[in-house]
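This report concerns only the one structure given below.
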Amino acid sequence: MATSGTGGLPTADELPEVLLDLGVPHEDINELVALRGVLLKDPAALRSLEERLPALVDVIGALDEPFQLPEPPREPEALGRFFNLFVYLAALPYVLDYHQRHGIPRDISRRTLADLGRSVAAHRRWKGTGGLRHPRWLRFHFRGELYQLGRLHGWCPL
């Protein structure tokens, strides 16, 4: 499934609900809504997201395909900490479509993708600021390679 532009990046009005559904802590929501606007006004950061997004969504469901997250922008520093979260947000509609087409129940999708929110919470615990801790780990979730089944995570190529 090829994509262009910012994929399915939620609008500013949609973003809080999407973030809450992904388990992002309430304390990070306002900053992320503001950073969405910063991202869309930064041509270099936006280009980086747009260039990397197809590499993620075009191989959803393909095991062991190489994928490198884009280099986050250095300025503003807050956008750099959250940049890869926006990459995953832009891929979200493609991931959910993949799950639906392969019969993944909505509750399993939701719990699996909520690792994004847990990563944001862990970053704040470790660093004292908002951000995405271990963003490369989340590629397994967003490529349909890893699912949360109850309390366990399991590899599940479809």
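What to note about this one:
- The stretch between residue 107 and residue 125, if pulled fully straight at 0.36 nm per residue, gains 3.8 nm over its current Cα-Cα span.
- Ordering of 114-126, 11-23 by packing [mean C-beta count within 10 Å, highest first]: 114-126, 11-23
- Helix 43-57 and the longest principal axis of the C-alpha atoms of the chain enclose an angle of approximately 0°.
- For the stretch 22-75, with all protein chains in place and a probe radius of 1.4 Å, 49% of the accessible heavy-atom surface sits on carbon or sulfur.
- Here the Kirkwood formula, the inverse mean of 1/r across different C-alpha pairs, assigns the stretch 14-120 a hydrodynamic radius of 14.6 Å.
- Per-q log10 I(q)/I(0), the stretch 83-157, q = 0.13, 0.21 Å⁻¹ (Debye; single scatterer per alpha-carbon; no solvent): -0.37, -0.91
- Alpha carbon centroid spacing (whole Å) that separates the stretch 14-44 from the stretch 52-128: 13 Å
- These residues, 102, 141, 134, go from largest to smallest accessible area, 1.4 Å probe, as 134, 102, 141.
The values are calculated or read from the model by the stated rules, or taken from the named source; none is laboratory data. Given the structure is predicted, the values throughout are model-derived calculations rather than measurements. Every residue, glycine as well, gets a Cβ built from its backbone with ideal geometry; the counts of neighbours run over all protein chains shown. Side chains are part of the model used for accessible areas, which takes the heavy atoms of the whole protein and leaves out ligands, DNA and RNA. Shrake-Rupley method; radii C 1.70, N 1.55, O 1.52, S 1.80 Å.
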